[in-house]
């Protein structure tokens, strides 16, 4: 093991870690907002309204994330925004990818709430929208915290695919070190260790959140 390689690239690994966390955080944040909208659309009583949301979820969940990144970066974004960057493409792709999975998480969470909750809210004079906003969704949110946390952890690991379009995240710098020194063990083991620390840290934080907000 040549630790001098790790020492030399440590600042770049730390920089890449910040980019990785930023991409992942933006991806899950946008994914949650869009995913909730998609979930509500898919739960519409109208079959015509449900259809495009169902197609969207099936396409995104049924295609590889790497292919989605290439399509977004080399085809979709250049057609609408010439000054796109690799990081922007990664955020857009992870947001789209995450939204499909988050939509199913929210749908399952909402459907797990007993129908009597909606009926009780309607009997108090609430509209369906008000009942969803003030009664159903708040209860469902507590139930979806664990799977949303797992989705965030998955997104952190999937963000490594952004290195394929030269986004300067953590794995990108690992590849850069390998390309410069033709040494595989040191850079990739360091990258793997950093990912492991991030994931274990997130897992611990999620356990705290679950104990405080879910298991009450």
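Each reported figure results from applying straightforward, stated rules to the coordinates on display, with no laboratory input. Keep in mind that what you see is a predicted model, and the values were worked out from it rather than measured. Methodologically, a virtual Cβ is constructed for each residue, glycine included, from the backbone with ideal geometry; neighbour enumeration extends over all protein chains shown.
Residue order for 106, 70, fewest other beta carbons within 10 angstrom first, comes to 70, 106. Among 59-69, 36-46, the peptide with the highest mean count of other Cβ atoms within 10 Å heads the list, and the full ranking is 36-46, 59-69. Remark: relative contact order (segment 3-214) = 31 percent; criterion is Cα-Cα distance under 8 angstrom and separation of 6 or more residues.
Largest first and in whole Å, the equivalent-ellipsoid semi-axes of the chain read 39, 22, 11, each the square root of five times a Cα gyration tensor eigenvalue. Listed peptides 120-133, 150-163, 179-192 appear in the order 150-163, 179-192, 120-133 once ranked by packing, highest mean of other Cβ atoms within 10 Å at the front. Under conditions of 20 °C and 1.002 mPa s, segment 85-188 yields 129 µm² s⁻¹ as its translational diffusion coefficient, taking Rh as the Kirkwood radius over Cα pairs in the Stokes-Einstein equation.
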